[in-house]
2 protein chains.
Amino acid sequence: MVHTLVPSDCVESAVVYDRDGRKIGAIERLMLEKKAGTVAYAVVKSGGFFKGDVHHYPVPWNSLKYNVGRRAYEMDLTLEELHGGPSEPEFDWGDRSLLSQYPQYWIL
Amino acid sequence: MVHTLVPSDCVESAVVYDRDGRKIGAIERLMLEKKAGTVAYAVVKSGGFFKGDVHHYPVPWNSLKYNVGRRAYEMDLTLEELHGGPSEPEFDWGDRSLLSQYPQYWIL
């Protein structure tokens, strides 16, 4: 049978490719709505070859589709689109008031 | 401001107390609905002093309330109620057809 559930620690370690097929990085953690228990977004860690080269991007859960053959998530965004959105460290990851500023990254 | 979001890796390491105030164990992982991105339940690991003494219990997200002062989750179930429900290893953690068998553990 096909399971409809996935363990959070499997998601957290998964590799992410962008819409153009480029390897972006990996999911570092999920940000959850405390009350509703829904995934607000995944935090995707990118880069890391050099110090200061690491970026963290919020990616909506519904932008991520798991490819079983590839054993990785495919994102319906490009790296350039991520660059245009919020990123660490200036971004307050828990502040939902930024919804209006970056609407495309917060569609649940 | 009070954040409405919580990182998955913080949840995973959190201690859990039961309704009677007893320390049950800790959250090991969350099981997520792949499509909807909602937490189906938390897997609570209990015991572990002796080999064979470890149990894993599914606990619905809405049964867990975070107590900021205690820095832990409080469960609205008792350990005895958990014992009456599904547990590892006979339990197929991804099989939602067990819903009818253990209805109280699967209320989302």
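The values are calculated or read from the model by the stated rules, or taken from the named source; none is laboratory data. Everything numeric here is computed off the predicted structure, so don't read it as measured data. Because the Cβ atoms are built from the backbone with ideal geometry, glycine has one as well, and the counts that use them run over all protein chains shown. We work out accessible area using only protein heavy atoms, side chains counted, and drop any ligands, DNA or RNA first. Shrake-Rupley method; radii C 1.70, N 1.55, O 1.52, S 1.80 Å.
Side notes on the structure shown:
- Pairs with Cβ under 6 Å, 6+ apart, first in segment B:3-25 and of a type in the set (Lys, Arg), second open to solvent by 30 Å² or more (accessible area, probe 1.4 Å): B:19/B:76; B:23/B:17
- All told, residue B:48 falls short of being crowded, with 20+ Cβ neighbours inside 10 Å and either more than 13 Å from the chain's Cα centre (by Cα) or at pLDDT below 90 (or both).
- When segment B:27-45 is filtered for residues that are open to solvent by 10 Å² or more (accessible area, probe 1.4 Å) and more than 22 Å from residue A:27 (Cβ to Cβ), only B:45 remains.
- Wholly enclosed strands (runs of 3 or more DSSP E) of segment A:1-90 bearing at least 1 residues touching a strand residue (DSSP E or B) at 6+ places or on another chain (Cβ under 7 Å) and within 8 Å of chain B (Cβ to nearest Cβ): A:5-7, A:23-33, A:39-46, A:64-67
- When residues of segment B:51-108 are limited to those that are of a type in the set (Lys, Arg) and modelled with pLDDT of 70 or more, the one nearest to residue B:5 (Cα to Cα): B:65
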